[in-house]
RNA sequence: GCCAGAGUAGCUCAGGGGUAGAGCAACGCUCUCGUAAAGCGUAGGUCGUGGGUUCGACUCCCACCUCUGGCUCCA
């Protein structure tokens, strides 16, 4: 469970984004059966690495070294700094140890014995861990060769079960002892380990694939966006190509929102301190808000959130139960301070646009509304090419606001909606924010990585703080329910995920350039212009290359830009008003009548097909 | 913010205490070409910023900024 001293709604700028590189990759799938065995291998590998490190750096204090997804790590307090170059030597030492065919021997010992052992060895972290073991639990040691560790196990029987060619040390990182910021920082070495070299190769290949698809790399190669140190890190500049994609996303988003009964709002980017005082943000969320600016002797803050603004609009009128539910959405750009070390491409930024909405409704409308939002969300994900989705339901925490009755109803409506949609889900008991329960959706991308995107959150706090009311059918003023939701989350972050999901080869409807026109020689430039004009006329995004490069070079250039359709035009095409089509997949279809091609592209755009 | 690594031309990268190099891109000229790179030439960098050491710093040292991998955080 996360302990968050938090406030507020609409969350996720970051969440589970960065740092997942070596995370959920290739989870599940075919390795399930061997899961336990792999875990043993990885954990044992961690011990072997610890032995190697202690050998190489006498005086090293060891902390913890578990198996993780895809591998293992071990945290050390080292007498000197270790760099990437040292990993080679550590690897060689590990291979030696593995070849030594040492058994992993388990020994149950008394606490006193263990404490003496580790204190004699100066292993203070182990003593701390030892003290944390519950009284009624056995204390066990595992030894192989010269290394003994306080460990619950299990391990493989013998180092010969480890394969010296199926592991690789990957990286070095700092990590706080026991994950606490106030504790000393240890050196963590990460490795990956598998049961055979082939699996290792596959995994390393996957890492390569991840690197190739990195949105920061593709963002540069495809000229999509940039950031600028001089102008402020963590702020995104959308280039023409990126903007084309963003516009396509937003146009679709707006259309769908109107279709689903939403109204769209625009609200200011700054608000007077009164607003943030009332909402509670200044109190709870101050450290992530930017310093105020002075306007006529008043403090104004740039917005970290859109909700208070929407509430202001709500309060411009007396609201009747007849006009509920209100569904108000906005692509609202917010600014939040993120620590410098947390910034990461498009995934973790300091300014981002939420596809935010607030649903204000009566108690008996809640259930339908939630179901509608969930359906809406799933449709949206489908349109963007994501179909593997998992839900997380977070329920009431100890400390919270709002009547228990409302929590109960709200939580039930969330769960009901998830079940109605047949989504796989986990319950995070007590994991809700203090102001309400929520559903988060995680989507799986083409590489099997999970990203938390959608969130649907009840809010029992702001309606009170702003004293929101509606007049019910009995003539009495009542408090409405308020639900925050963001489907894509943040446009920036979503864009990053989208880039990686498609590896930059976007579906036609999103491609910045949908068709490239390439005359085989300058003599056909005129026809190329005609074709281009005909496509533009139909709203198709076209790029014509009339330069004096050879046709082959032009194809190569557009290929690198991952343009879905390339039209090769020469004499034959000109004569019969046709185009020869080359897909970015390499597939060719020659001599398609121009009008047929236009029709085909329009169909692909409408159906949101990949290509 | 913390630990470690990195910052050299628009991009990808090499180099190294004596004052900077390649490929691609750009620009110019020649070639006028049928499905992933035609040929030749030209131009382009106070080597992240600021200090220090040195006869001399892009190179060594210190500080700062940014980026990368993690840790922490992510309402």
(message) Between the stretch A:358-388 and the stretch A:70-137, what is the separation of their alpha carbon centroids in Å?
(response) 50
(message) Quick check on packing: order A:485-495, A:60-70 by the mean number of other C-beta atoms within 10 Å, highest mean leading.
(response) A:485-495, A:60-70
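Provide the gained length on full extension for the span residue A:107 to residue A:529, in nm with one decimal, where the gain is 0.36 nm per separating residue minus the Cα-Cα distance.
Value of the extension gain: 143.9 nm.
Counting each DSSP H run of 4 or more residues in chain A as -39500 (n - 2.57), what helix-only mean residue ellipticity at 222 nm follows after dividing by all residues, to the nearest 500 deg cm²/dmol?
-10500 deg cm²/dmol
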(request) Find how much the distance from residue A:557 to residue A:119 grows on full extension, using 0.36 nm per residue of separation minus their present alpha carbon separation; answer in nm with one decimal. (result) 151.2 nm
(request) May I ask you to compute the full-extension gain from residue A:256 to residue A:399, defined as 0.36 nm times their residue separation minus their alpha-carbon distance, rounded to one decimal in nm? (result) 47.8 nm
(request) Would you order A:545, A:138, A:426, A:459 from fewest to most other beta-carbon atoms within 10 Å of each residue's own beta-carbon? (result) A:138, A:426, A:545, A:459
(message) Quick check on the exposure proxy: order A:143, A:291, A:377 from fewest to most C-beta atoms within 10 angstrom.
(response) A:291, A:143, A:377
(message) I'd like the FRET efficiency for residue A:201 and residue A:221, computed as 1/(1 + (r/R0)^6) with the beta carbon distance as r and R0 of 25 Å, rounded to 0.05.
(response) 0.45
(request) Compute the distribution of all C-alpha to C-alpha distances in the stretch A:515-607, in bins of 10 Å from 0, and list the percent of pairs in each, rounded to whole numbers. (result) 18, 56, 25, 1
(request) Of the DSSP beta bridges with both residues in chain A, give the percent that are antiparallel, rounding to the nearest 5. (result) 85
(request) In whole Å, largest first, what are the principal axis extents of the Cα atoms in the stretch A:29-213? (result) 50, 33, 29
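Would you mind computing Rg(Cα) / (2.2 N^0.38 Å) for chain A, counting N as its residues?
After normalising by residue count via 2.2 N^0.38 Å, the value is 1.15.
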(request) Mind giving me the nanometre distance, one decimal, between the label points for residue A:228 and residue A:298, set 7 Å out from Cα along Cα→Cβ? (result) 3.2
(request) Extending each Cα 7 Å along its Cβ direction at residue A:269 and residue A:37, get the distance between those two points in nm, one decimal. (result) 5.8
(message) Which of A:177, A:451 has the fewest other C-beta atoms within 10 Å, and how do the rest follow up to the most?
(response) A:177, A:451
(message) In Å and on Cα atoms, what radius of gyration and Dmax does the stretch A:247-357 show?
(response) 15.9, 49
(request) Run the quick spin-label model on residue A:161 and residue A:247: label points 7 Å from Cα toward the beta carbon, then report their separation in nm to one decimal. (result) 6.1
(request) Enter the Cα centre distance for the pair the stretch A:198-223 and the stretch A:464-483, rounded to the nearest angstrom. (result) 51
(request) Rounded to the nearest 0.05, what FRET efficiency do residue A:599 and residue A:69 give with R0 = 51 Å and r taken as the Cβ-Cβ distance? Could you check? (result) 0.60
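Quick note: the coordinates plus some simple rules give every number you see, no bench work behind them. All values derive from a computational prediction rather than experimental measurement. With ideal geometry, Cβ positions are generated from the backbone for all residues, glycine too; neighbour counts draw on all protein chains shown.
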